[in-house]
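What follows is one structure encoded as structure tokens, with my remarks underneath.
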Amino acid sequence: MIPRNCWYVAAMAHELLPGALFPRTLLDTPVLLFRRQDGSAAAIEDRCSHRRVALHLGRLVGDHVQCGYHGLEFDGSGACVRIPNQERIPPKACVRAFALVERDGFLWIWMGDQALADAALVPDYAEICSDPAYVGRRSDAMHVAAPYTYNLENVLDLSHVSYVHRQTVGTPLVAETRPETTVRGDTVVVRRAWERIDAPPVFRRLFGWDQVKRTQTIHFWPGANIRLDITSEPVGNTDPALVRRIRVVGPCTPQTQGSHFKFSTMYRDFAQQDAAITEQLADAFAVTLNEDKVLMEDQWRNACTDGPDAPMFDIAVDQAPLATRRILARLAQAEAH
Amino acid sequence: MIPRNCWYVAAMAHELLPGALFPRTLLDTPVLLFRRQDGSAAAIEDRCSHRRVALHLGRLVGDHVQCGYHGLEFDGSGACVRIPNQERIPPKACVRAFALVERDGFLWIWMGDQALADAALVPDYAEICSDPAYVGRRSDAMHVAAPYTYNLENVLDLSHVSYVHRQTVGTPLVAETRPETTVRGDTVVVRRAWERIDAPPVFRRLFGWDQVKRTQTIHFWPGANIRLDITSEPVGNTDPALVRRIRVVGPCTPQTQGSHFKFSTMYRDFAQQDAAITEQLADAFAVTLNEDKVLMEDQWRNACTDGPDAPMFDIAVDQAPLATRRILARLAQAEAH
Amino acid sequence: MIPRNCWYVAAMAHELLPGALFPRTLLDTPVLLFRRQDGSAAAIEDRCSHRRVALHLGRLVGDHVQCGYHGLEFDGSGACVRIPNQERIPPKACVRAFALVERDGFLWIWMGDQALADAALVPDYAEICSDPAYVGRRSDAMHVAAPYTYNLENVLDLSHVSYVHRQTVGTPLVAETRPETTVRGDTVVVRRAWERIDAPPVFRRLFGWDQVKRTQTIHFWPGANIRLDITSEPVGNTDPALVRRIRVVGPCTPQTQGSHFKFSTMYRDFAQQDAAITEQLADAFAVTLNEDKVLMEDQWRNACTDGPDAPMFDIAVDQAPLATRRILARLAQAEAH
């Protein structure tokens, strides 16, 4: 059901501290992340090959993970390099390892066929995450007890901000504005634009703009990548230099069939030195992420309780979510063959 | 297994405050209760027809329930009256609605075939609950993690008060006195009478009665109605004016196959102005309800653990409980055909 | 899967206080332990024969257990001796009873065929537990959410102390020393010996020994008996009077297929009057028991999550654990025929 042959975020790079054994279940598989002494990150299965005790209960000895039960040791390639009191190490003593690439502040993992893991395919967020023009407070992983597709559908249909985020960032305007949806290959783009709307408080304060011209564009591409670009500029403006950008980088990763991790950070290309604004925007953004979490988890709890035959129906704004589902189903099916 | 074509208590009327979205699962169905602006109560399924998010996470907009996710709106008849950014509202956008009658301080709901919902069949507790001669502190719903039939059987066999309520209201006398059980159609009546027994403290204090003549009569009728009438009078009395009555109104409602809500209030027709006695009796009564809850929940936990084939056997006082089971099985079977 | 025709520890004798109704699930069966007025202990099923309410919710009336719901009474043989308001007591009113023997500070129970319960087969720990030469602080039961076989395997392969107890009692030495394993009939003995190793602090302090000659011998025999004998003496010693002994008595009992109780006490034959050392050793020992518990429970959680087909492999030190598994499988199979 979930495509495995693509790169997912295993963790934010800053979550994995040197010396730590960091366990996280990804795509129904227990994974152990750790850094070698040179700082490079590795990912192996979080199970000792001997009795399947979690390796994160052991300790890091140099570049090796030592099982906390009987002392077997493994390196970052999954090879078993030591069995106490025993010379021969059989091949089945090895554990699975997963390709891992650290880039743009993310640790990208390939959970599928390791022969297909190609670092050139790692999703590219460099233009935001590795460009000093953009600042933002990088989030930790947020756990959501709902399928990762619920999150994709949540973000691809921003009409929900008028209701879910009614008391925070939402206005009735978004739900009232029909978006333009473009599906091209495996990507989905949803766009709304307004020539003149009320400006959010932060723009009034910083730039004296009471009203703005605004666009809101959401990009999806597989595995589970989300980018949201918001432009704001004075009404009627034609000078590109006056455009201010807020960009949300929001990939997510399935934990199990019914849960996921969400890695969502809001960046901006203005007032970059103003640390207070960074904190204020990040705090407000975290509140909205929690509002989404409540609804996604309720939706999933109900799906589990009510069963797969409980009736549902689609509405106009479901165009992008439905397109995304079809793309993911196609990819999963292709892997199954 | 559970008859659906009868009226059950959805909630005490005082539990449903104006402006509130009140969720409660009844007969395995998630129900949302709310009041329209004119105060009338309505019950619809607590699931948005779109993605099955619980409607109680939304808000009340006038007489409409607005889904908290994408803003669909529903009225008290279950009709979908608005889909944001979309003109056509398809028939499948509606949600189920349930007949609801407010009477005697209860909100009565009909969960079965709505065409059969007849307000004339609403159980009648008016002679107690709507008669100013009777006073009592109305309870809220009590949740019990055991089938509702356990509660019916508990109340219909009051021999348990000698053991369960040994440290509160029970005396060995009840268990020692064989009751007279009468089954007539779908009703069961269990009666015990004593010409001379020790009076409870409250009667000594109020009336100076050390001993009393007493009767105790329990009535059951479907769906899950219970009324307990206790009369006390001086030994040898023949004057009806000297009879004092305590009456427990105790309908219950299945939540799921393995849990129920209990709506039990104790009324009396004496010392009606004495608010201290009202509180004291209600507090003591609440303790006994909790004592029953502990045993019913243990019984159900064991039934789940031990399985349906674990041995049990019946004793003499099970006559009324067994009759009740047969009545309910007959009603459920009739509905299945 | 679990042999039932053998004696297991139901409880430490000191856990069962006079007047108490003590419930404990053993071999998937709810058991109620209590003492008669003469102090003798009895074990019956913890379910009333009437509606299967747990009898431990009732009370002890003389030598009888009175059900807390409807007042049925049972004696220590499981016989129903009273049904309120009913003269005839049918045979099916009885509950199961289990042979129980109090010896060496343990309450031994026979959960299998009662006709085979032979007190002569009760495991014999008298030479330690009933000999005043040995002192130790008797433990209570420790609950472990893992199969009892995990505990047997844990203790029979002490190489784990070098890792699990690395920060408490472990040294790399144990894992580095290959043990000698002897399987004879249904018993397994594992032995390690060192002519000269560093002495633990307690020996330095008490006897001034910096190094010791040491042996470590673990005995297993069915049902689930474990004895660990550790001898320490001066290097090169030949005088038996100078040998100091630490002996761990550690039977365990299955609670369910996936959990057990562990009854582990450490005894010693030196400094018997020194209560401070008793407390200090017992406290340190309790820490190691908890370290084992963490790993066994992780192992079991993973087994449940990953399923029976998840790969594992055996290493050299698994010789004794594997022999134990074979013995228990043989006994269980013999019972099934």
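Each reported figure results from applying straightforward, stated rules to the coordinates on display, with no laboratory input. The model shown is predicted, which means the values in this text are computed figures rather than measured ones. Every residue, glycine as well, gets a Cβ built from its backbone with ideal geometry; the counts of neighbours run over all protein chains shown.
Between B:D38 and B:L116, the modelled labels are 2.9 nm apart [label points 7 Å from Cα along Cα→Cβ].
Note on the protein assembly as shown: helix-only mean residue ellipticity at 222 nm, from DSSP H runs of 4+ residues weighted -39500 (n - 2.57) and normalised by residue number, equals -7000 deg cm²/dmol.
Taking chain B as a whole, the Cys residues whose C-beta sits 4.7 Å or farther from every other Cys C-beta are B:C6, B:C80, B:C94, B:C129, B:C252, B:C304.
Per-residue extension of 0.36 nm, minus the Cα-Cα distance of B:Q167 and B:E87, leaves a gain of 22.3 nm for this segment. For region C:1-148, the dipole from Cβ point charges (+1 on Lys and Arg, -1 on Asp and Glu) about the Cα centre works out to 660 debye, to the nearest 20.
Two numbers describe the Cα atoms of the protein assembly as shown: Rg and Dmax, which are 35.7, 103 Å. Defining the label point at 7 Å along Cα→Cβ, can you sort the distances from C:D124 to the same site in each other copy, shortest first, in nm? So the label point of C:D124 gives 8.1, 8.1 nm to the other copies.
Ordering C:T217, C:T265, C:I230 by the projection of their Cα atoms onto the charge dipole of region C:190-266, which places +1 on the Cβ of Lys and Arg and -1 on the Cβ of Asp and Glu, puts C:T265 at the extreme positive end.
Ordered by the count of other Cβ atoms within 10 Å of each Cβ, fewest first, C:F34, C:F285 give C:F285, C:F34.
Sorted on the mean count of surrounding Cβ atoms within 10 Å across their residues, most packed first, peptides C:4-14, C:57-67 read C:4-14, C:57-67. Each Cα pair under 8 Å and six or more residues apart adds its separation to the average, and for chain C the resulting relative contact order is 19 percent. Selection among B:V101, B:H14, B:L60 by position relative to the dipole of region B:7-121 gives B:L60 as farthest towards the positive end (Cβ unit charges, Cα centre).
Shielding value for C:51-59 is 6, the average number of Cβ atoms from other chains within 10 Å of each residue's Cβ. Taking other C-beta atoms within 10 Å as the exposure proxy, B:L228, C:L152, B:L206 rank B:L206, B:L228, C:L152 from fewest upward. For region B:219-327, the ratio of Cα radius of gyration to the globular rule of thumb 2.2 N^0.38 Å stands at 1.37. Our compactness index for region C:7-121, the C-alpha radius of gyration over the empirical 2.2 N^0.38 Å, is 1.02.
Inter-copy label distances at C:G185, shortest first and taken from points set 7 Å along Cα to Cβ: 7.5, 7.5 nm.
In this Cβ point-charge picture (+1 for Lys and Arg, -1 for Asp and Glu), chain A has a dipole of about 400 debye about its Cα centre. Inter-part distance, region C:66-119 to region B:228-293, computed on C-alpha centroids, equals 38 Å. Counting Cβ atoms of other protein chains within 10 Å of each Cβ in C:77-87 and taking the mean gives 3.
Local charge for A:D46 was computed over the other residues whose Cβ lies under 13 Å away, with Lys and Arg +1 and Asp and Glu -1, and equals +1. The peptide list A:301-309, A:95-103, B:48-56, put in order of mean Cβ contacts within 10 Å with the highest first, becomes B:48-56, A:95-103, A:301-309.
Between copies, the label points at A:P18 (set 7 angstrom from Cα along Cα-to-Cβ) are spaced 6.6, 6.6 nm, reported in nanometres from shortest to longest. What percentage of all Cα-Cα pairs in region B:126-336 are separated by more than 26 Å? That fraction is 36 percent.
Taking the axis that rotates chain B onto chain A, the chain B residue nearest to it by Cβ, with the distance rounded to whole Å, is B:C304, 11.
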